[in-house]
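Here's the structure we're looking at; comments come further down.
The values are calculated or read from the model by the stated rules, or taken from the named source; none is laboratory data. Bear in mind that the values here come from a model prediction, so they are computed numbers and not experimental data. Note that we place each Cβ from the backbone using ideal geometry, even for glycine, and neighbour counts take in every protein chain shown.
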Amino acid sequence: MIGQELGLVPLHAYTAGDEKRTPKGTAIRGKPRKMTFWVSKIADTDASTSLEDALLTLTRKLATRQAFLAELVASGGRVEYFVGLFVDRCAGVEISSALMVQLVKLGIDLSFDVYGVDDLAGVGVKDGGVDRG
């Protein structure tokens with residue numbers, strides 16, 4: 001439902017009440033999901049696309065779904081851009097005030113997880129995210 005409303009394809013999704021599953025897909029009986037979870041990529045971009053541009057593009061798309069986002073937040077849900085930054089040296093990110101204003105209007109939180117080279121030891125990187133199992 002969330003994907004249809006937003007016009008985006010999820011990478012991972014489940015609904016409150018769904019049976020939990022192991023990473024290999026085996027159902028875990030008696031362990032229903034307590035919340036609904038839905039995640040998608042920000043965008044398919046290349047190295048020349050800035051984070052700001054990718055976020056602006058997605059934010060413009062989601063602005064057309066403002067009523068749905070407001071309903072999610074009003075019902076106790078949370079809308080968040082979670083950005084994982086993988087760096088091997090000093091790096092910085094700038095987010096413009098114009099983008100921040102748009103995020104506030106839509107009720108979208110912005111969070112960053114920064115992973116350095118030492119953080120990635122023994123952790124596989126898969127599908128633009130961290131694969132821990």
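Can you tell me how many residues in segment 72-90 are surrounded by fewer than 12 Cβ atoms within 10 Å (Cβ to Cβ) and either on the phi < 0 side of the Ramachandran plot or of a type in the set (Ser, Thr, Tyr) (or both)?
Number of matching residues: 6.
Just give me the residues in segment 4-28 being among the basic types (Lys, Arg) and surrounded by 10 or more Cβ atoms within 10 Å (Cβ to Cβ), in sequence order.
Lys20, Arg21
What residue, of Leu99, Leu69, is surrounded by 12 or more Cβ atoms within 10 Å (Cβ to Cβ), of a type outside the set (Asp, Glu) and under 16 Å from the mean Cα position of the chain (by Cα)?
Leu69
Being more than 16 Å from Asp109 (Cβ to Cβ) and surrounded by 13 or more Cβ atoms within 10 Å (Cβ to Cβ): is that true of Lys34 here?
no
Here's a check for you: in segment 41-86, which residue that is polar (S, T, N, Q) and modelled with pLDDT of 90 or more is farthest from Gly7 (Cα to Cα)?
Ser75
Starting from residues that are part of a loop (DSSP other than H, G, I, E, B) and either assigned by TED's automatic domain parsing to the domain that holds Gly77 or small (Gly, Ala, Ser) (or both), keep the ones in segment 1-24 and report whichever is farthest from Leu69 (Cα to Cα). It would help to see each step written out before you state the result.
Of the residues in segment 1-24, the ones part of a loop (DSSP other than H, G, I, E, B) are 1, 7-11, 15-18, 22-24.
With either assigned by TED's automatic domain parsing to the domain that holds Gly77 or small (Gly, Ala, Ser) (or both) added as a condition, the list becomes 7, 16-17.
Details: Gly7: 13, Ala16: 18, Gly17: 22 Å.
Once the filter is applied, the top-ranked residue is Gly17.
When you go through Ala67, Ala91 one by one, which is the residue that is free of Cβ contacts under 8 Å to residues at least 24 places away in the same chain, within 26 Å of Ala16 (Cα to Cα) and of a type in the set (A, V, I, L, M)?
Unique residue meeting the criteria: Ala67.
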